[in-house]
Structures are given as structure tokens and as C-alpha cells.
1. Is region 230-253 home to any residue that is free of Cβ contacts under 8 Å to residues at least 60 places away in the same chain, among the small types (Gly, Ala, Ser), assigned to a helix (DSSP H, G or I) and over 27 Å from Ser326 (Cβ atoms)?
2. Looking at region 472-483 only, could you name the residues that are at pLDDT 85 or above and not aromatic (Phe, Trp, Tyr)?
3. Out of everything in region 60-82 that is surrounded by 11 or more Cβ atoms within 10 Å (Cβ to Cβ) and outside any helix (DSSP H, G or I), what residue ends up being nearest to the chain's Cα centre (by Cα)?
4. Would you mind stating whether Phe422 is among the hydrophobic types (A, V, I, L, M, F, W, C), closer than 30 Å to Ser511 by Cβ, under 60 Å from the mean Cα position of the chain (by Cα) and modelled with pLDDT under 70?
5. Residues to consider are Ile464, Ile525, Ile469; find the one that is in the same structural domain as Ile568 (by TED's automatic domain parsing) and over 16 Å from His545 (Cα atoms).
6. Looking at region 458-482, which of its residues are surrounded by 16 or more Cβ atoms within 10 Å (Cβ to Cβ) and not acidic (Asp, Glu)?
7. Please determine, by comparing only the residues of region 112-151 that are closer than 20 Å to Gln95 by Cα and surrounded by fewer than 14 Cβ atoms within 10 Å (Cβ to Cβ), which one is modelled with the lowest pLDDT.
8. State yes or no: is Ala262 assigned to a helix (DSSP H, G or I) and surrounded by fewer than 13 Cβ atoms within 10 Å (Cβ to Cβ)?
Amino acid sequence: MKKFLTLRNQLFLLIAILVLTMLIGAAFFLTNQAQKALLEEKIDKVTGITQQMAIYYEQVISRLSSDPQFNSLSQKDQRKVLEEELSKFTSILNQAYPNIFYGYFIGEYGAPIAYKSTPQPGLSWITDAQITNLVRDGEIVGYAFAMEDRSVVQAQLAQIRNVSIGMTVALTLLGAIGAFILGTNLSRGVVGIKGGLKRMESDLSYRLPRYSGEIGEIAEAVNRLGSALVEARDYTRFVLENISTGILSLNENGEITVFNPAAEKLLGINASEAVGSPYETVIMKSNIPQKSKIISLIRDHQEGEQAVVISTLKPEPIELGVSISSLLSSEGTLSGKIITIEDLSMRRKLEELLRRSDRLAALGLFLSGIAHEVRNPLTSIKGFVQLLISRNLILPEGAKAANLVIKEADRLNKLLTDLLTFASPAPPRIEKRDIREIIERSVSLLEEQIAKQGIKVEKKISGIPPLEIDEQKLEQVFYNILLNGVQAMPEGGTLKIESRLSEEEVEIAFSDSGPGIPEEHLDKIFDPFFTTKDRGTGLGLAVSHRMIEALGGKIEVQSRRGEGATFIVHLPLGREET
């Protein structure tokens, strides 16, 4: 019974039943329709004959009624003449329809005339005789009748049934053969896919062979699924092998099934020793403290997640975070656990950097307040010294010192201005301006120094549309970048200014041929108070960076020692409405 219920036999039986049902139903329907159509055709034919007979009678009686000689004949003679005339037509019908029996019945004669009688009494008829009324002088005087032998019709109907049965039997045999072939093909593909899936359970690299039709599409889908599983497995393996967090996976028996390289490093145990062993044994072999506490946490853990932070001594103290999570099956039962071990030392360092950043922000706010408080007395000092000089209240020998006070006051005032700009930059005043004009003005401010140092300036600026910018801030940014380039070439060199236009932004590149910036300084170049010059506050580039950010752009620096430096300013073509 089990062998009979194979997929192939079930498909064959199902298809055979469907085909046989459809063929029998179609044959029955078509046979009935053919029989019905044949009967209707016979009745229509017989009715048409009676109508032709009636028309012919009307033509004959009309012609004879107008003949005085016919009218003077006795009823018996009139019947004889009329029958002779009508027989001319019925003889034609006899030749055309040998199986049709017909005639005329006129009431005044009391018997049929010009008729063809049936060959034997009791002959069965297809229907009752079809009749058509005979009209003379507007009155019905009789009728024309016709009928056909039912045996002829039954023979034709039997022929239709026989042909239908023969075709049904032939189509049934063809359908059974086709069902067998189709069922075999379908089952072959399904059986092949079933076997392939069993093989893929142990070998994900196996791929199903090609099949045609929908079975082929299913096979391709299974192959794609296998490829996706391989990719997922490889990706998971890559993550497990390269993640810095140690991961241990336990089955329902507490045996380790996954032990990644990070776990090897943190616990000091090889994966070959750990996989397949109970977690208690592995943890007890590790070099971490509080082993019993960790084992207790893993053993008693039921749901949710628990974590413990432990400390251990390596070449330097480190902190480890141990977390446990449950693995639940589709039925909701515990099927294992995941243990993660993470080195928290780097996180602690990042948290310290964040706290330092907060302190720096607070310091910036404090310095901003101090700058405001220092600027007022500094302005007063400068003003009073200038007043004393203008009124000749300072002795000649003290004039040099007074001018030095004014100069240093100006220098301190500029430092305070830069500090305030960095701490709390003013919102930009956006207007459409031509970038080329701003660059030209920035270069002109340094013309004297450029000429003095013998620096060659090369400009390739074209195709830049007017941009929505803060003209004053951008001019200060360009000036600061150009000043750094000029100061980097005290013995002369080449200063290049080039523009590039893309779909979304404009790039302005400032390149010098100076000694370049050391690689270790590149990530600090925009930090406040960072400078490699003997004199300088280290705020110029930091302020420029903040200004460009306020305009929705950015600055980047590219440099290699001995090959000069390039500062690239990125400005958006359009500003988003806020």
C-alpha cells in the first residue's frame, strides 16, 4: 500500500481521474448537443417541405379556380385534376427526399391526395406529422403533412454515439499515457529535489541539477537558498572570526558548539580544546578570575540577560564584561545559551575621551566669558596709552614702551577675537556672491608678502556659479589658508589655486610647494591651539574649519612630507531651507 501511494502513482491517478472525468463529461455533452441539433434539423426540414407544399397548392388552386372549365367539373373530377397537378410537385419531393412521407388532406374530399404512403403499418415516426395549413379564398380548407422514418434518424444518432464513444476511449487512452508520462516527470523532479535537500543537509555546497518548467524554477530557488545559506554561514564565520567580542555558544546539554578567536584570546584556551567540551570545564581552565561566579551565572540563567563585569591582570589591568542570553526553540523551550565576553578597556577609554570633550566644551564656554572680561580692560589700556601719547604726557624715553603696549594690546585683541569666533561663531549672513572675487581679494591682501618671498601664484578658476555664502567669513577662511601656504614657503615656491565643479558642490583647492605636514600632525591640524610655528595661536585653521561647517561645507587636508600641502574647501551649490 505504501508503494502504491508513492508521489508518482498519486499524480498518475489524480491526472487520470481528472482527464477521464473531463473527457466523459465533454463526450456526454457533445453527444447530447449533436443529437439535439440533428432532431431540430430533421423537424426544420420536414416543416420546410410542408410549407413548400402549401405554397405550391396555393399557386395551383389559384390558377385552376380562374379556369371556368375546371369550375364546371364535378367534385370527383376536380379532385382528379387537382391531384394530377399536385403530383407534379410531390414527384419531385419523392426524388429529393426518399425517406420522407407526405401528402395533402383537403376537408371536402375527406381523404389524402397526392401523398406518399408509409411502407408498412405501425411505422414509428420521429415526431407527429408536421403540417402546414392550406388556404383557399382566405379560408383554411385542409393541410399539407410530412413525416420522416424514425429508424433512419435513430441510425444517424447511433452513428454519432458510436463515434463519440470511440473518440472518448481513444482520448482516454492518450490521456492515461500522458498522465503516466507527466506524473513520472513530475515525480522525478520532486524526488530529485527531495534527495538533493537531504544531501544539502550535510553539504551546503551541493547544488541541484537543472530541471525544466516549474520544477526547474523550484530547483533554482533551492539552489539560490543554498547559496544564500553558504553566504550567511561564511558571513557569520567571518564575523565570529574577526569580531573583538568573545562568543561562546552552548547547546541544550551545556556543551560548547562555537568558540571564536576572540574568546581564545580572552580566555587563553584554543578552540580545538573548547568545542565539544562542557562550559564548566573550559571556564575552569581559563585564566580569568571569578570563574565560579561565571559558571553559576550561566547555570542559573533562565531568560532575559545578565551581565557581570570582572577584572583581570594582563601586562596591564583590563576589564571584561560577561553576558548570557538564552536560545529558545520555535516551541519556546530552551535550546542553548550564548555567552559573550567583551574587553571593556577601550570603552572606558572612549568614555574618558567623551568626558574630556565635555570638559573642553565647558572650558571653551569659560574662556569665552574670560575673553569678554579681558577685552574691555584691554581696550581701556590701549585707549589710555594712545591718549597719553597724543597729549605728549609720556617722556621720549618711554614712547617706545608705550607703542609696544599698543602693539601687544592689538595682538591680544586679535587672539581674543579668534577665541570668541571659535567658541561661539556668529550665524552666517547668506548672500549670493562670486567666489572668484573673494579669492582675488584674499590673494591681494598677501601680495606684498608673496612678492617679497618670490612666490609664484597659479590660478585655474572658472565655471563657478554665484553661491549663497557669507562673504566676510569665506574671505577670512581663504586668507587663513593662503597665509599658511605663504608661511610654508619662506624661500619661495608655487601657490596653486584650482576649482572643480560637480553636480552637488564646488571644490576650491589651495596647494603649496612647501615642506608638507608630517603625517602624525594631519589629524590635529584643525584642533584649537595646535601649531607647529614659533609664533601663532593655533586658532586660524580651527576657526576656518568652524566657519566652513557653518556654511554647510567642509575642509580637508592632503599632504606628504616633502611634497607640500593641499587644503580643499568643499562648498554646496545650494543650501537647504531650515
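1. Going residue by residue through region 230-253, those that are free of Cβ contacts under 8 Å to residues at least 60 places away in the same chain are 230-243, 253.
Subset that is among the small types (Gly, Ala, Ser): 232.
Now drop any that are not assigned to a helix (DSSP H, G or I), which leaves 232.
Still in the list and also over 27 Å from Ser326 (Cβ atoms): none.
Among the residues of region 230-253, not one is free of Cβ contacts under 8 Å to residues at least 60 places away in the same chain, among the small types (Gly, Ala, Ser), assigned to a helix (DSSP H, G or I) and over 27 Å from Ser326 (Cβ atoms), which makes the answer no.
2. Applying the first criterion (at pLDDT 85 or above) to region 472-483 yields 474-475, 477-483.
Residues satisfying the conditions are Leu474, Glu475, Val477, Asn480, Ile481, Leu482, Leu483.
3. Kept after step one, since they are surrounded by 11 or more Cβ atoms within 10 Å (Cβ to Cβ), are these residues of region 60-82: 60-65, 67, 70, 73, 77-82.
Still in the running and outside any helix (DSSP H, G or I): 67, 73.
Values: Asp67: 98, Leu73: 103 Å.
If we take residues in region 60-82 being surrounded by 11 or more Cβ atoms within 10 Å (Cβ to Cβ) and outside any helix (DSSP H, G or I), then Asp67 is nearest to the chain's Cα centre (by Cα).
4. On the way: among the hydrophobic types (A, V, I, L, M, F, W, C): yes; closer than 30 Å to Ser511 by Cβ: yes; under 60 Å from the mean Cα position of the chain (by Cα): yes; modelled with pLDDT under 70: yes.
In short, yes.
5. Values: Ile525 fails: over 16 Å from His545 (Cα atoms); Ile469 fails: over 16 Å from His545 (Cα atoms).
Being in the same structural domain as Ile568 (by TED's automatic domain parsing) and over 16 Å from His545 (Cα atoms) holds for just one of Ile464, Ile525, Ile469, which is Ile464.
6. The first filter runs over region 458-482 and keeps only residues surrounded by 16 or more Cβ atoms within 10 Å (Cβ to Cβ), leaving 464, 467-471, 473-482.
Those that are surrounded by 16 or more Cβ atoms within 10 Å (Cβ to Cβ) and not acidic (Asp, Glu): Ile464, Leu467, Ile469, Lys473, Leu474, Gln476, Val477, Phe478, Tyr479, Asn480, Ile481, Leu482.
7. The residue in question is Gln120.
8. Values: assigned to a helix (DSSP H, G or I): yes; surrounded by fewer than 13 Cβ atoms within 10 Å (Cβ to Cβ): no.
Against the criterion (assigned to a helix (DSSP H, G or I) and surrounded by fewer than 13 Cβ atoms within 10 Å (Cβ to Cβ)), Ala262 does not qualify.
The values are calculated or read from the model by the stated rules, or taken from the named source; none is laboratory data. Keep in mind the model is a prediction, meaning the values are calculated, not measured. Methodologically, a virtual Cβ is constructed for each residue, glycine included, from the backbone with ideal geometry; neighbour enumeration extends over all protein chains shown.
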